[in-house]
1. Residues K41, K55, K101: which one is of a type in the set (D, E, K, R) and more than 23 Å from P161 (Cα to Cα)?
2. Any residue in region 130-151 that is without any contact (Cβ under 8 Å) to a residue 40 or more places away in the chain sitting within a Cβ distance under 6 Å of a residue that is surrounded by fewer than 17 Cβ atoms within 10 Å (Cβ to Cβ)? List the pairs, counting only those 6 or more apart or interchain.
3. Would you check if there is a residue in region 159-170 being out of contact with any Phe, Trp or Tyr (no Cβ under 8 Å at 6 or more places or on another chain), part of a loop (DSSP other than H, G, I, E, B) and among the small types (G, A, S)?
4. From the list T201, T183, which residue is farther than 16 Å from Y290 by Cβ and assigned to a helix (DSSP H, G or I)?
5. When both residues are 6+ apart or on different chains and their Cβ atoms are under 6 Å apart, which pairs have a first residue that lies in region 403-424 and is at positive phi, and a second that is among the β-branched types (V, I, T)?
6. Only one of V329, V259, V305 is under 27 Å from S70 (Cα atoms), hydrophobic (A, V, I, L, M, F, W, C) and at pLDDT below 95. Can you tell me which?
7. Considering (1) of a type in the set (A, V, I, L, M, F, W, C); (2) assigned by TED's automatic domain parsing to the domain that holds W48; (3) touching a residue at least 40 places away in the same chain (Cβ under 8 Å), say which one L250 fails and leave the rest.
8. Condition first: free of Cβ contacts under 8 Å to residues at least 40 places away in the same chain and part of a loop (DSSP other than H, G, I, E, B). Now tell me which residues in region 208-234 satisfy that.
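The values are calculated or read from the model by the stated rules, or taken from the named source; none is laboratory data. Here the structure is a predicted model, which means the values were calculated and not measured. A quick note on method: Cβ atoms are made from the backbone with ideal geometry, for glycine too, and the neighbour counts reach across all protein chains shown.
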Amino acid sequence: MSALTSTMRPISQIVDYEPQLRHLQQQQHDVQLMQPLDTVKLLTLNCWGLKYVSKFRKERLRHIADRLASESERDDYDIVALQEVWVKEDWDYISARCANKYPYRRIFSSGIISGPGLAIMSKIPIKRTTLHHFPINGRPSAFYRGDWYVGKSVSVTMLQPTSPGASPIALLNSHMHAPYSLTGDAAYNCHRACQAWEIATLATDLSDAGYAVILVGDLNCRPGSLQYRILQHEANLKDSWELVYGATDLEEVKQMSPVDQILKAATTCDSVLNTWREQRDPSEACRLDYALIDDSKLTPISASVEFTEKIPGIGSYSDHFAYTATFQVLPKFIQCERSPASASEKLKVYNDFSALVINYIRTTNKWQYQWRMSHFLVSLFICVGLVPVITVASLVVPWLTSGFYLAGLFIGIAGAINGLIGYLFTKGEYRNLREVIFQINDRYTYLKTTAKFAQI
């Protein structure tokens, strides 16, 4: 976490915001209470549940579970989507604590370590669930980041229709690859864009099949980013916050007070009001948690940021705030046709996306393959060269033999691992990226063809 000393704020100064924030949030909640009966209220929250890394993990997640299980009218949700529930003990407590309130619960399993951390709790009966693993999702060599090992995915939960004649809800819950810098290879922009593309394809198929699609989660992308535009224009999903309150100028958000950043811009991450991010610069506050919807089948009524309070003696519930929105599920007979994104907007998305993928293939993917295979060949050459050295050393200086042997073993293992990653992983990543390019070209060609026919 990077922070400038000049931007640090004492906790006492941050706590002063809480009474004003609670009052304004209550006003937003009062609006939610005056809704038609056939509505669905959902909450999405990144729980920050990293074992050994997240501070007060066990205590915080238990407080989250206790609050979700409470009879508080404010925290009475129909659907709860969670991310970063990575420890079985935490999910067992959440599931048991919320069993009476949310009879339909599910945690999703994937990956080598811990799983994708996605969970769903619902008052509405769950008909079917499935999990789609992202084929492009980080690198195994970045073990210290973990995205590849947990198997980042998008879960799909298909719910029973909320009323006769209403479309069934398909809830997509995802936590896309994290950015570890704003620019460069560590930003993982290409990986997240490919993940957004996978989600967009899935969301489109579900919407065409008659489902009211809601995509929730920590999508690790900001409004206006390429990933956001892919979901907006390719999947034709609308931002529930902007449908209720209108679009927000990101430059204006940087100038807002921390309270207004939450109330007027729904900033859920890197807010100085969050005890785990209080040393951030206020201009870094951003919105990463969303509920993107098919607005031909759903109408958002209200939206707000929740779980901004602090747990006494611990701090904020998570390093993210929660996002909640209430929707009216439209009967089929009054649903409108989806208004597709304009051809020019889609073409720009396709051009930007293909340029990003092609650049990644030509630079990062190519470089990863070359240096790893070079390391493997050099290691192989050194290990072969150490054989006569060890033989001679065993005769002349016996005590050096074990040192040469251990050095050769270490060099050989490191080279073999890099060789496997270079040959197997980077080759597989290349083919997955090439498939994405093919898919973009298919959409581009179809869009250009239909545009020509429309002009005839």
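1. On the way: K41 fails: more than 23 Å from P161 (Cα to Cα); K101 fails: more than 23 Å from P161 (Cα to Cα).
Of K41, K55, K101, the one residue that is of a type in the set (D, E, K, R) and more than 23 Å from P161 (Cα to Cα) is K55.
2. Within 6 Å, the pairs are W148/P140; Y149/I112; Y149/I113.
3. So the first thing to find is which residues in region 159-170 are out of contact with any Phe, Trp or Tyr (no Cβ under 8 Å at 6 or more places or on another chain), and the list is 159-164, 166.
Filter once more, keeping what is part of a loop (DSSP other than H, G, I, E, B): 160-164.
Now drop any that are not among the small types (G, A, S), which leaves 163.
Looking for residues that are out of contact with any Phe, Trp or Tyr (no Cβ under 8 Å at 6 or more places or on another chain), part of a loop (DSSP other than H, G, I, E, B) and among the small types (G, A, S), one finds at least one in region 159-170, hence yes.
4. T201 is the lone residue from the list that is farther than 16 Å from Y290 by Cβ and assigned to a helix (DSSP H, G or I).
5. Close Cβ pairs (under 6 Å, with a partner that is among the β-branched types (V, I, T)) do not exist here.
6. Among V329, V259, V305, only V329 is under 27 Å from S70 (Cα atoms), hydrophobic (A, V, I, L, M, F, W, C) and at pLDDT below 95.
7. (3)
8. Result: A209, G224, S225.
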